[in-house]
1. Count the net charge of all other residues whose Cβ sits under 14 Å from the Cβ of Lys66, scoring Lys and Arg as +1 and Asp and Glu as -1.
2. When ranked by the protection proxy of mean other Cβ atoms within 10 Å per residue, highest first, what sequence do the peptides 35-45, 88-98 form?
3. Size of the dipole of the chain about the Cα centre, Lys and Arg at +1 and Asp and Glu at -1 on the beta carbon, nothing else charged, in debye to 20?
4. Add -39500 (n - 2.57) for each DSSP H run of 4 or more in the chain, then divide by its residues: what number comes out at 222 nm, to the nearest 500 deg cm²/dmol?
5. What pairs in Lys39/Lys194; Lys66/Lys120; Lys39/Lys120; Lys61/Lys120; Lys135/Lys187 have C-alpha atoms more than 29 Å from each other?
6. Can I get the semi-axes of the chain's equivalent ellipsoid? Compute them from the C-alpha gyration tensor as square roots of 5 times the eigenvalues, in angstrom, largest first.
7. Highest mean first, what order results for 80-86, 51-57, 104-110 on Cβ atoms within 10 Å?
8. Starting from the Cα-Cα distance between Leu181 and Asn107, subtract it from 0.36 nm times their residue separation and give me the gain in nm to one decimal.
Amino acid sequence: MLRPQDIPLWEVAKIHLNVRNNDEHTLFAYLLVTQLLEKYPDANPDVVLPAILFHDTGWSKIPQDKILHAFGPNNKYPELTRQHELESVAIAQKELPVLGFHQQQINEIIALIDGHDTTKQARSVNDAVHKDADKLWRYTPHGNRIIGEWFGIGQAEVLEILENFVWPTFLTDEGKRLSGLLLELAKLDLNLKKYVAHV
């Protein structure tokens, strides 16, 4: 699934992704962003893919007892949401030169990591596909399950949040299409008993 040139990046990034299911989330986001990149040829995979691998590494620097309260619909610590972005930038700035990236490329990667959660508008096509892939994970069966576990809520409530609060924030047409499709599939799965008696 990972491009050969991205495997060394993953090996470094995953050391910092062992909290809040970030390692799992990152792999899903990576796969999803490859799909978006196919639809947006003006986006640069050599910037977007490294950024997606490092974008959440900074959560490893946030106090563990506050992580689950520093994002989501009832965020108690928005300053920690911002801090994780800055910590992710610091990790990328340290690791990317060692991995052979030149400064201009590092600057472009860091520009996506910095503000990926706290800025809502697309600052570039790279930024749009990066942000949308990050959000798209929530619509996968894996994302649905993890969100439910994080917040102690059922599938119906997860889907309500995704439909009413997250879906309007997608920045690309393809992100909206894919999230809408995944949402409808999840709703069908949740309500299958209404249509098929033996389920």
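Every number here is computed from the coordinates shown, using simple stated rules; none is lab data. Please read all numbers here as calculations on a predicted model, not as lab measurements. A quick note on method: Cβ atoms are made from the backbone with ideal geometry, for glycine too, and the neighbour counts reach across all protein chains shown.
1. On the way: positive: Arg20, Lys61, Lys76, Arg82; negative: Asp65, Glu79, Glu87.
With Lys, Arg at +1 and Asp, Glu at -1, the net is +1.
2. Values: 35-45: 15.7, 88-98: 17.9.
The densest-packed peptide leads the list: 88-98, 35-45.
3. On the way: 20 positive and 27 negative charges, 88 e Å.
The calculation lands at about 420 debye.
4. Mean residue ellipticity, 222 nm, calculated: -18000 deg cm²/dmol.
5. Lys39/Lys194
6. Those come to 29, 19, 15 Å.
7. 51-57, 80-86, 104-110
8. Numbers: separation 74, 0.36 × 74 = 26.64 nm, distance 3.42 nm.
Stretched fully, the Leu181-Asn107 segment lengthens by 23.2 nm.
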